[in-house]
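Data first, discussion second: the structure below is written as structure tokens.
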Amino acid sequence: MAGGPGTHSIMSSEDEFSGEWTDGCVKTRDTDWTTTKERTSLGEYNQLPLQDSLEASAADTTQLLPLMETKLYKRRWVMLFIFSAYSMSNAFMWLQYSIISNIFMRFYNIDSMAIDWLSMIYFLTYIPFILPVIWLLDNRGMRDVVVVGSAFNCIGAWIKTSTAHPSMFAMTFFGQFVCSVSTVYLLGIPSKLASLWFGQQEVSTACAIGVLGSQLGIAIGFLIPPILVPNVDDMDELAQHIRIMFYISAGVATVIFILVIIVFQERPEIPPTQAQAQARNIPPEDYSYMASILRLLTNKPFMLLVVSYGLNVGCFYAVSTLLNRMIIEQYPGEEVNAGRIGLTIVIAGMVGSLICGLWLDKTKTYKQTTLGIYLLSLIGMLVYAVTLNLGHLWLVFIMAGLLGFFMTGYLPLGFEFAVELTYPESEGTSSGLLNCSAQIFGIIFTIAQGKIIDKWGTLTGNIFLCVFLLIGSVMTGFIKSDLRRQKANLQAEVQTASTKTAEEEEGGVSAPVTLNERKF
């Protein structure tokens, strides 16, 4: 670890936040406060005071967390940028087929279900691979996961460059499958990267920016393919357009892979927050991968969030995959505008994600914000469903933007809320389970809504999604908020304040403030 332990005060400089860490049973300055480490049933590590004068609340155990040196590094923004670029590249390749589904159906001579599976393969691959990848993330670290994921992304992109021929659908599907494996490696990273590299007052914003990379890729996936691959009749010309698109995506994926290899780092030498400092000092022998999974599966608030998150994001996946079909059915020949509508959804969602991240960093109102955005997503979906078939394309753009602002803005909220509910469990594990739920519901909703659209039309298909958004809103309301990470960071703050007071009092020590004095 670079740098030695500092004093008990936390400095205001961005690059130097100092504290002092002691482990196990400790004695602080001239006091006789002794602490011992206790692990709760959900795996939370607490420092419980033993002094008779300090009483633990039955509902919320009083904690005294010793301090450790912390520091913020400017290069954290470089790590975030590289990951966002990798996420953007992969998300672009997810939608490059479905947004011009009618063109690829004609080019490869396939039906709509085959095109839908070029998108849904991303969802299906995630389900069996997520647990091994979580194990890899916990045991080998974030850098190895990002390197392997970006390698799969690059390989899949180059496989697809050879598939710009009507007889090569099987090979293009295989290339898309390889790219989908890459998705398993990246979806759980935003909250993990934010926690490892960013300070307490910026962690939610950093997570939102990490999610923005994926949203930017989706936005480009909506916008660029209809421009690069116009709906021309000549098959040779069409093949050339498709080939150009594939080579561009492969070139970008290669550059990003090289950047990941050269620049991307695992974590900073000194942790950015007291919560991370505490998590780093959990002995490796006390951590069990399977025990962590079991603790999460028995965490009722978290499991409610897993299902409600899956319902919301699954609806977003279905809308994104089937957008071209919905728009073309109501507005024939508007492939380019279908892409622009998708772009509107995602750009509005990127703004929503960033605003939600900033809001969380400022207020820490995780449940209230999550529930509010969920309800607004439901309202946005209802309005979008009703106005889609009115014949006014400009109105569709406006309603799609409203829907995207809230539905896509919800994505980072789920990640950060999960981290708060499950601390000190691995952020990658909680994010992985959230995304697994989203992929399962994404497959179910995409297939079901596609069948409903074919039989009863787009309005019925969108109302179908609204029903599940309503269910998810109700479930979110029943989540009991337990902000464990915030409690850990707050205890470090009050410990610092009480220590500073003690230093100022000659020959005396002031009583420490406890977490029971702060409402969550």
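The values are calculated or read from the model by the stated rules, or taken from the named source; none is laboratory data. Treat the numbers as computed from the prediction; the structure is a model and nothing was measured. Neighbour counts run over all protein chains shown; Cβ positions are idealised from the backbone, glycine included. These accessible areas exclude ligands, DNA and RNA; they are computed on the full protein's heavy atoms, side chains included. Shrake-Rupley method; radii C 1.70, N 1.55, O 1.52, S 1.80 Å.
First select every other residue whose beta carbon is under 15 angstrom from the beta carbon of GLN330; then total the charges, Lys and Arg +1, Asp and Glu -1.
In short, -2.
With every protein chain kept in the model, how would you rank ASP234, ASP138 by accessible area, 1.4 Å probe, largest at the top?
Largest accessible area first, the list is ASP234, ASP138.
Whose amide H sits under 5 Å from the amide H of ILE479, counting only residues 5 or more places off or on another chain, with H placed in the peptide plane?
Sorted by chain and number, the residues that satisfy this come to none at all.
Using modelled amide H (1.01 Å from N, peptide plane; none on Pro or chain starts), what sits under 5 Å from the amide H of TYR423, excluding residues fewer than 5 places away?
ARG484, ARG485
Once the Cα gyration tensor of segment 279-361 is diagonalised, what are the square roots of 5 times its eigenvalues, in whole Å and ordered largest first, as equivalent ellipsoid semi-axes?
Details: eigenvalues 319, 58, 26 Å².
In descending order, the three semi-axes are 40, 17, 11 Å.
In a solvent-free Debye calculation with one equal scatterer on each Cα, what is log10 I(q)/I(0) for segment 95-179 at q = 0.26 Å⁻¹, listed in the order of the q values?
After summing over all Cα pairs, the log10 values are -1.27.
Using θ = phi - 60° and the Karplus curve 6.51 cos²θ - 1.76 cosθ + 1.60, what whole-Hz ³J(HN,Hα) does each residue of segment 213-223 get, with Gly and Pro shown as x?
Couplings: x, 5, 5, 5, x, 5, 4, 5, x, 6, 8 Hz.
Report the accessible area of LEU228, computed with a 1.4 Å probe over the heavy atoms of all protein chains in place, in Å² rounded to the nearest 10.
Spelled out: LEU228, probe radius 1.4 Å, area about 50 Å².
Could you look at segment 265-336 and say what percent of its accessible area is carbon and sulfur, using a 1.4 Å probe and all protein chains?
Answer for segment 265-336 is 60 percent, counting heavy atoms of protein chains only.
Quick check: net charge around LEU354, other residues with Cβ under 15 Å of its Cβ, Lys/Arg +1 and Asp/Glu -1?
Net local charge, LEU354 excluded: -2.
Just to verify a number: what accessible area does ILE471 come out at with the full protein assembly present, 1.4 Å probe, Å² rounded to tens?
Approximately 80 Å² for this residue.
Sort TYR185, TYR108 by heavy-atom solvent-accessible area, probe 1.4 angstrom, most to least.
TYR185, TYR108
Using the Cα atoms as the points, what is the convex hull volume per residue of segment 237-392 in Å³?
Cα-based convex hull of segment 237-392, divided per residue, equals 203 Å³.
Run the 1.4 Å probe and let me know the accessible area of LYS451, rounded to the nearest 10 Å².
Using a 1.4 Å probe on the heavy atoms, I get roughly 120 Å².
Just name one of GLY175, ALA194, GLN274: the one whose Cα is farthest towards the positive end of the charge dipole of segment 155-284 (beta-carbon charges, Lys/Arg +1, Asp/Glu -1).
With unit charges placed on the Cβ atoms, the residue in question is GLN274.
Apply the Karplus curve 6.51 cos²θ - 1.76 cosθ + 1.60, θ = phi - 60°, to the phi angles in segment 185-194 and return the couplings in whole Hz, x for Gly and Pro.
Coupling constants for segment 185-194: 7, 10, 5, x, 7, x, 5, 5, 4, 4 Hz.
Which far-off residues, 5 or more places away or on another chain, put their amide H under 5 Å from the one on THR70, with H placed in the peptide plane?
Amide H neighbours of THR70: PHE17, SER18, GLY19.
Can you work out the Karplus-derived ³J(HN,Hα) for every residue in segment 118-131? Use 6.51 cos²θ - 1.76 cosθ + 1.60 with θ = phi - 60°, whole Hz, and x for glycine or proline.
5, 8, 5, 4, 4, 6, 5, 4, 4, 4, x, 8, 5, 5
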